[in-house]
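Below is one structure, written out as structure tokens, with a few remarks after it.
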Amino acid sequence: MADYIQPHWDRSALVVIDFQRDFLDDGVAAIPGTTAVVPNVASLVEGFRNAGRPIIHVIRLYEPGGSDIDPPRRDSIENGAAVVAPGTEGSQVADGVLPHVFRLDADLLLAGKAQEVGPNEIVIFKPRWSAFHRTELDALLRAQGCDTVVVAGCNLPNCPRATLFDASERDFRAVLVEDAVSQTSHERLADLERIGITLRLTTDVLASVSR
């Protein structure tokens, strides 16, 4: 029987979603449980770096007063709320995940360009839930020969879930690192397994990538 689901670790890329300071437990738009998974996300990033596999950090930037924002937050941002606002400390990636001196180039990212972190590691901006929506993620992955997307980051029911659905619709093999993403539940994880998403723990992913 043909297998279209199991990960190909030697063709995998790590996609870290919305892992920014404003979304940590003490942030202005806190997503409970996000701070707790920082160590695992940092370990995944380090493991993929060591394995020479691609890493894409996908971030949000809400310009206060702007309207190009997902509907649930649009009114508050249009009225000046500062959540992951370009140039702010809250918009930066959580400490310990990127090199200490790294700062987001908001102008570059909002223009749709990738910002390089290091070899095989970049940051891109997304304007909605899915990391594939109005971004170059699909093309970036295919250009590097990736057929497996490994997802970690912030707030499973929103952006990670949307990204996993879009990855599946594009025929990527998709993995969720269930202890490296916030806001999980048994029901949410079970629903993802039903569409062919592979669930793994951080230690399992690191062992697989290192091989």
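The values are calculated or read from the model by the stated rules, or taken from the named source; none is laboratory data. Please read these numbers as outputs of a predicted model, since none were measured by experiment. Neighbour counts run over all protein chains shown; Cβ positions are idealised from the backbone, glycine included. Note: accessible area is taken over every heavy atom of the protein model, side chains too, but ligands, DNA and RNA are not part of it. Shrake-Rupley method; radii C 1.70, N 1.55, O 1.52, S 1.80 Å.
On the accessible surface of the chain, probed at 1.4 Å, how many percent belong to carbon and sulfur atoms?
The computed percentage sits at 49.
Based on DSSP H runs of at least 4 residues, each adding -39500 (n - 2.57), what is the mean residue ellipticity at 222 nm of the chain after dividing by all its residues, to the nearest 500 deg cm²/dmol?
-8500 deg cm²/dmol
Quick one: Debye curve from the C-alpha atoms of the range 12-111, no solvent, what's log10 I(q)/I(0) at q = 0.10 Å⁻¹?
These q points yield log10 I(q)/I(0) values of -0.29.
Considering only the other residues whose Cβ falls under 14 Å of the Cβ of Ala180, what net charge follows from Lys and Arg at +1 and Asp and Glu at -1?
Local net charge: -4.
In the chain, with Lys and Arg counted as +1 and Asp and Glu as -1 at Cβ, which of these residues, Phe23, Gln144, Ile56, has the Cα nearest the positive end of the dipole, that is, farthest along it?
Farthest towards the positive end: Gln144.
Which net charge results for the neighbourhood of Ser67, defined as the other residues with beta-carbon distances under 12 angstrom from its beta-carbon, given Lys and Arg at +1 and Asp and Glu at -1?
-3
Go through the range 150-207 and name the GluC sites (Glu not before Pro) that are in a DSSP coil and have 11 or fewer other Cβ atoms within 10 Å of their Cβ.
In loop regions of the range 150-207 (DSSP not H, G, I, E or B), there are no sparsely surrounded GluC sites (Glu not before Pro).
Rank Leu164, Leu110, Leu176 by mean-square fluctuation in a GNM of the chain with C-alpha springs under 10 angstrom and give only the top-ranked residue.
Per the Cα network of the chain with a 10 Å cutoff, Leu110 tops the list.
Considering only DSSP states other than H, G, I, E and B, which trypsin sites (Lys or Arg not before Pro) in the range 50-133 qualify as loop sites with at most 15 other Cβ atoms within 10 Å?
Listed in order of number, the matching sites are Arg103, Lys113.
Let me spell out the model: positive unit charges on the Cβ of Lys and Arg, negative unit charges on the Cβ of Asp and Glu, origin at the Cα centre of the range 1-117. What dipole size does that give, in debye rounded to 20?
300 debye
What is the dipole size for the chain, taken about its Cα centre, with +1 at each Lys and Arg Cβ and -1 at each Asp and Glu Cβ, in debye to the nearest 20?
Here the size comes out at about 340 debye.
In debye, nearest 20: dipole of the range 102-211 around its Cα centre with unit charges on the Cβ of K, R (+) and D, E (-)?
100 debye
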